[in-house]
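Report on the structure given below.
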Amino acid sequence: MKAADTGPAGTLTVEDLSVHYGGVRAVGSIGFTVAPGESVGIIGANGAGKTSTLKALMGLVPRSGGRITLGGRDLTRVRARDMVRHGIGYVPEGRHVFSGLSVEKNLMLGAYSRPWNDGTRRRLDEVHALFPVLGEMRDRPAGALSGGQQQMLAIGRALMAGPRLLVLDEPSMGLSPKLVGSILDVLLKLREEGMSLLLVEQNAKLTFGVTSSCVVMENGEVAMTGTSAELSRDPRVREVYLGL
Amino acid sequence: MKSRSAALVTLIAGACVLPYGLGGYTIHVVDIALIHALLAIGLGLAMGVSGQINLAQVAFFGVGAYGVAVLTTHYGYGFWAAAALAVPATVATGLLVGVPALRMQSHYLGIVTLGLALGFINWITNARITGGADGISGIPVPTLPGVDLSSEYLYYYLEVAVFALGLLFGLFVVHTSLGRRLRAMRDDSLAAGAMGAEIPYLRMTAFVLASLYGGLAGVLYGGLIRYVAPETFSIGNMFILLAMVIIGGRRSLVGCVVGAVGLTLVREWLSDFSTYAQLGYGVVVVLMVVFAPTGLAGIPARVRDLYRRRAGHHEARAELRPFTPYPPAAPATGQPVLLVAESVTKQFRGLRALDAVSLTVRAGEIRGIVGPNGSGKTTLFNVISGFYRATSGTVGFAGDDTTTARPYALSLAGMARTFQNLRLFGQLTVRENVLVALDRTRTRAIWQYAVWQPGVLARERRLRARADEVLERYGLTDFAEADPASLPYGIQRRIEIARAMAARPRLLLLDEPAAGLNGEEVRQLVRIVRSIRDTGTTVVLIEHNMGLVMSLCERITVLSGGRVIAEGTPDEVVAAPEVIEAYLGDSDLTEAGLPQPPTAEEVRRTEEAPS
């Protein structure tokens, strides 16, 4: 899976992003950057605003303020369905595969923003190489897959559009320890190939295994940032967020 | 509260003086509007509140009206005697129309009820007793000592009284236990069943309510117009009725009333352009469904939200507070067997999801069930809790054979569960979610609604106080009025546990309670589950977080490919090579992210130590 086959990856810059639900502020003016090939994690307790941040970034919930650029291009006004054309792939929390469609159709839908040609066919082969199980089960309805297989399908589907940045929300949720290991391997492989990753994850092993730096969120704001190595040694992070 | 009662007084005064300013024709339109409002309340109760697609409301209206017409003109009954028979006859019709709802839902139910309505229209157009296409005229004027009800002005007061009682009763139903169950059934009938809501009875209740209002409206119509003919009960009018409910807002009875009155008035204004009017309703309905799916009734809340956002009005951020442990009960003695599954097999077409699985859980135990994704863990929960019927094998709970028991029966017998994919009732507040489970009364207790409303209210007050206790204990007080879908996964999981425990179960089944929780939250979960067990509730949990399973469970059952591949103490199970091969992989349990599991020795020490 080659990242950046649609041009050079740019830096994702999020500035002053905020989200309100009714009168309640879920995210207040947060900012961070993801450089090309970098992997950034967002950690924090439930309700800290991690998922809202990702959804606002993707344009899936209305933003009450903020600016988003990717490689200098302003994406603030880009609609959710067009984010994929700008090279951002999204794997939502809870998978959301099209359960009535076959595995193959789910993957093809991931590439619907592109013409079906040799490039997309090659990408399908690459996804199959990354997740052999998706090739074996290509004709099964996605709803008949186990939770772990659906998670792989959700990642594979996002990769089909050839993103330069992959945004993942809790990819390990509900997966067996062995499968968490497989997801970790896949994310590491993608990182090696130059894909940028933005990861929200509760599993500390996966977060610190994949990311180079992390943003710690608390009550909708950035409480601290640092390299993953520093943060994994920080006693407060260990105590409050990781429960170690 | 004060402004509310002031508004109510104004409304009542307005309703009383309204006829004084209106001409003869206008009061006729108002009389018709009130009849439509009653019909719309009935339809709103069935469709908006209970989620039962009912396209036979116009037939219920017809049964009421024709009932009065036939009984008075053919059989010589007085108006009131005829009305007293016509309304129960309509309710009986409602029960019949409701029977298909026991087997089918959504658009299938819509087609069947539409078919039944068409059958009714066909019958009244052709039967001799109904006067065929000519209908029946000469329905006598209802008599009331000292009041001449042939005056449409005075008839208005009769209608207002019936309408006001009908609206009050409807609101009373919606905002108390029965309505809450109906709404829970609408949002998620599976989860409602698991909380003890007797789904078949509730579906029938929805049709009884719809037909009761249909019958009342029909009787009033008969007395007002004193003539009935098939065209009043046509499918076209069913569509307008549907439009009233959708435009007004089907989930709010007041919205239904506003829609009914509004559309009746608009229809009168547009009566010179009737060809275009029908098209106009169609356009308005489409626009409403697309842009304001909650109807007119939902608009104030949307405006309020918008205003708050614009005004930068900030509410305090709600916070999940720590759990307060239950006071421990005396430990169960003797540890009788509570749950038994014996060689349970579940076959889905070509897939054998469970293959001769046997499981015995003793009272007071915390049992863990682990296994790879797709190994049949949730299927086993679904068989135990009555969602699936085992292809072969038996399940026993608390000494009874429950292999074929329905979820609501198991809930009433003391079994509660949570759901891996979160099944909170989306349109109910967090408090209402808990109230659904707290309310252990049987659905047949709804006779109280007809005869003893203060009893219902008193019980409602007790339940609310208890719900607040449950929310407080689980640290959810800040979220009591929140819409659960807007909350983060971790908090929704906590609500699921609180809701399940509100049913005071003997057995609690937890399906992946730690998914999406971070380390500290997992530690809190451990405290919650321990405390639940200490109240005497037996816990069976499915979980992938091995740290949690190791520190909580006395025994662990490992499933793989639908079979039990290992069972034993945590230490025995994690050492078994087949478990490592199938489930754990090369993952190191002591690595970051997994709270260090205490050894069995440590667990014993902490449990023996006086706390």
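Side notes on the structure shown:
- Using θ = phi - 60° and Karplus 6.51 cos²θ - 1.76 cosθ + 1.60, couplings along region A:187-195 (whole Hz; Gly, Pro as x): 5, 5, 5, 4, 5, 4, 7, x, 6
- The trypsin sites (Lys or Arg not before Pro) of region A:51-129 that DSSP puts in a loop, and whose beta carbon has at most 15 other beta carbons within 10 Å, are A:77, A:79.
- Peptide packing: for B:193-204, B:274-285, the average count of neighbouring Cβ atoms within 10 Å per residue gives the ranking B:193-204, B:274-285, highest mean first.
- Label-to-label distance for residue B:351 and residue B:279 is 5.0 nm, based on points extended 7 Å past Cα in the beta-carbon direction.
- If you wrap region A:48-179 in the convex hull of its Cα atoms and look at it from every side, the mean projected area works out to 8.9 nm².
- Looking at region A:12-242, the DSSP beta bridges with both ends there are about 55 percent antiparallel.
- Among the residues of B:480-489, the average count of other protein chain beta-carbon atoms within 10 Å of the residue beta-carbon is 3.
- Residue (of B:75, B:94, B:501) at the positive-pole extreme of the protein assembly as shown, dipole from beta-carbon charges: B:75
- Karplus-derived 3J(HN,Hα), 6.51/-1.76/1.60, for each residue of region B:137-150, Hz, glycine and proline x: 10, x, 5, x, 5, x, 9, 9, x, x, 10, 9, 7, 6
- Charge dipole magnitude, Cβ of K and R +1, D and E -1 - the protein assembly as shown, Cα centre, debye nearest 20: 1160
- Ignoring aspartates and glutamates fewer than eight residues from residue A:205 along the same chain, the ones with Cα atoms less than 13 angstrom from its Cα are A:170, A:185, B:588, B:591.
- Other-chain or far-sequence residues with amide H under 5 Å of residue A:25's (modelled H): B:315
- For a modelled paramagnetic label at residue B:342, 7 Å from Cα along Cα-to-Cβ, the residues of region B:364-398 in reach, with backbone nitrogen under 14 Å, are B:392-398.
- Between residue B:571 and residue B:3, the simple label model (points 7 Å from Cα in the Cβ direction) yields a spacing of 6.7 nm.
- Annotation for region B:503-555 versus region B:421-468: alpha-carbon center distance of 27 Å.
- Distant-in-sequence amide contacts of residue B:338, defined by a placed amide H-H separation under 5 Å and a gap of 5 or more residues or a different chain, comprise B:361, B:362, B:363.
- Gyration tensor (alpha-carbon) shape descriptor, region B:355-399, a/c threshold 1.5: oblate
- Spin-label model distance (nm) - residue A:188 vs residue B:171, 7 Å beyond Cα toward Cβ: 6.4
- Considering only the Cα atoms of region B:541-587, their convex hull presents on average a projected area of 3.1 nm².
- Cα gyration tensor, region B:2-303 - rounded (a/c under 1.5), prolate or oblate: rounded
- Spherically averaged projected area in nm², based on the convex hull that wraps the Cα atoms of region B:349-454: 10.0
- Fraction of antiparallel bridges per DSSP, the protein assembly as shown only, in percent to nearest 5: 55
- Partner shielding of A:201-211 amounts to 4, given as the average count of beta-carbon atoms from other chains within 10 Å of each residue beta-carbon.
- Equivalent ellipsoid semi-axes, chain B, via Cα gyration tensor eigenvalues times 5, rooted, Å: 55, 26, 21
- What the pair-distance distribution of chain A shows, using all Cα-Cα distances binned every 5 Å from zero, is 1, 7, 14, 18, 20, 17, 12, 7, 3, 0, 0 percent.
- Theoretical FRET efficiency, 1/(1+(r/R0)^6), r = Cβ-Cβ of residue B:80 and residue B:478, R0 51 Å, to 0.05: 0.40
- A Förster distance of 45 Å, applied to the separation of the beta-carbon atoms of residue B:506 and residue A:60, puts the FRET efficiency at 0.60.
- Volume per residue of the C-alpha convex hull in the protein assembly as shown, rounded to whole Å³: 195
- ³J(HN,Hα), Karplus 6.51/-1.76/1.60, whole Hz, each residue of region B:57-63, x for Gly, Pro: 4, 5, 6, 4, 4, x, 4
- Near residue A:39, the amide H atoms lying under 5 Å from its own belong to A:197, A:212, A:213; only residues 5 or more places off or on other chains count, and H is placed 1.01 Å from N.
- Antiparallel bridge percentage (DSSP; both residues within chain B; nearest 5): 60
- Packing, as the average of other Cβ atoms within 10 Å across residues, places the peptides B:442-454, B:480-492 in the order B:480-492, B:442-454, highest first.
- Using the Cβ-Cβ distance between residue B:287 and residue B:404 with R0 = 45 Å, the FRET efficiency computed as 1/(1 + (r/R0)^6) comes to roughly 0.40.
- Where only DSSP H runs of four or more residues are counted, the protein assembly as shown gives -15000 deg cm²/dmol as its mean residue ellipticity at 222 nm, each run worth -39500 (n - 2.57).
- Partner chain coverage, peptide B:13-24 - average Cβ within 10 angstrom: 0
- Proxy reagent accessibility, fewest Cβ within 10 Å first, across B:544, B:74, B:107: B:107, B:74, B:544
- Prolate is the label for region B:427-566. Its Cα gyration tensor axes, ordered a ≥ b ≥ c, give a/c of at least 1.5 and a/b above b/c.
No value in this document is a laboratory result; all are computed from the given coordinates. Small disclaimer: the values here were computed from a predicted structure and weren't measured. So basically every Cβ, Gly included, is an ideal-geometry build from the backbone, and we count neighbours across all protein chains shown.
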